[in-house]
Amino acid sequence: MRITVFAPAKLNLYLKVLGRRPDGFHALDSLFHVIGLADTLTIEERPAGVDFSCSNPALAGPDNLAARAAAIMIREAGGGGVRLHLDKRIPAGAGLGGGSSDAAAVLTGLNRLWRLGLAPERLAALGAELGSDVPFFVYGGCARVTGRGEVIQPLTDPLDGWCVLIHPGCHLDTGRVFRAWAAETGGHVLTEGLPEPIITTADATCRDRAWAELGNDLQGAACRLAPEIGLALDALRKAGGARARMSGSGSAVFCITADHASAAAIGQRLQVPDRWRVWVVPLVCDPALSGEPTAGQACDHWGVDKR
Ligand code: C5P
């Protein structure tokens, strides 16, 4: 048996860093949203072990989160084996959650292939063993995410629009960006619970206010580590991108428009170096997206890689 699953990228529409936790991770409050740019995974049964390959040889080692997710599912299933091939489109070290999404797609894909019947909560807990962003991708769609990334509140009313996305060529290590943020802000350690949540309901007004008023707390530190990020934000704003901001810990930046024509016009006006990559893609709103081939095929259809 063999299946093909699609692993979408995400954007952080806002990202507040609430403080450093005693375990060294940072407490976050963020709005995550999947987009129509996706990796593709082919998952095939084999008698035992994990055989992993990747279109990018630099990411093909056994440490890849997708291979580690497969090993976890073999453990959960009490045996079995899998051959995985990962076709990468989402740039790594870009704050788009590509590796985490690949891992979640393996967890949900094998759960389906092997009819294990594990609940999303269990898959998310398994995903949290692999990385802070994995639990979100088990659900997909749009969600408020808190804790270190493992507390997911899906929002029933995702944004409907298009996104212009720039990857300015550089790759940032998440831990390094958080450490830079902590060094610059004093990064106080949280000892008594969390500050009040920023989004409390799943309603669109609350979500839109948060999107309008809040930015990405890691953006300043990331721009100092990689000045290309600031240049990419300037380029997006000059081309007419309102509320341009960075996703996650960088280095990708984005803006959102109401429709395809406005996003395509910004994409056309953009003046960026040839080695940067630009995509014009829809915000994909289906919470069942993670791992579903139909949505991924739609991504292929919608995704416009300008270069
Ligand atoms: O969980 P993940 O492997 O994605 O995290 C990579 C690094 O980013 C962690 O080792 C940690 O330094 C930092 N991080 C953090 N707080 C978070 C998520 C990640 O400090 N909520």
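The values are calculated or read from the model by the stated rules, or taken from the named source; none is laboratory data. Computed from a predicted model, the values in this text were never measured in an experiment. Virtual Cβ from ideal backbone geometry, glycine too; neighbours counted across all protein chains shown. These area figures cover heavy atoms from the full protein model, side chains too; ligands, DNA and RNA do not enter into them. Shrake-Rupley method; radii C 1.70, N 1.55, O 1.52, S 1.80 Å.
Computed quantities for the displayed model
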| read-out | value |
| --- | --- |
| Degrees, to the nearest 10: 204-213 long Cα axis against longest axis of the chain | 60 |
| Backbone HN-Hα couplings from phi across region 258-275 [Karplus 6.51/-1.76/1.60, Hz, Gly and Pro as x] | 6, 9, 5, 4, 5, 5, 5, 5, 5, x, 5, 6, 4, 10, 9, x, 4, 7 |
| Rounded FRET efficiency, nearest 0.05, which uses the C-beta distance separating R243 from D51 and R0 of 45 Å | 0.55 |
| Accessible area expressed per residue, region 39-170, with surrounding protein chains retained (probe 1.4 Å, Å²) | 36 |
| Chain lengthening between E184 and D87 when straightened (0.36 nm per residue, less Cα-Cα) | 31.2 nm |
| Theoretical gain in end-to-end length, A265 to F25 [0.36 nm per residue, Cα-Cα removed] | 82.4 nm |
| Along principal axes, Cα extents of the chain, largest first, whole Å | 54, 48, 37 |
| Distance (nanometres) between label positions extended 7 Å along Cα→Cβ at T156 and M1 | 3.3 |
| Projected-area mean, region 103-147, by convex hull of Cα positions, square nanometres | 3.0 |
| Principal-axis tilt of helix 228-238 within the chain, Cα atoms, nearest 10 degrees | 60 |
| In Hz, Karplus ³J(HN,Hα) per residue of region 245-251 (6.51, -1.76, 1.60; θ = phi - 60°; x = Gly, Pro) | 7, 8, 9, x, 9, x, 9 |
| Region 2-301, accessible surface, carbon-and-sulfur percent (1.4 angstrom probe) | 52 |
| At R0 = 30 Å, FRET efficiency that the Cβ-Cβ distance of R122 and R224 yields, to 0.05 | 0.15 |
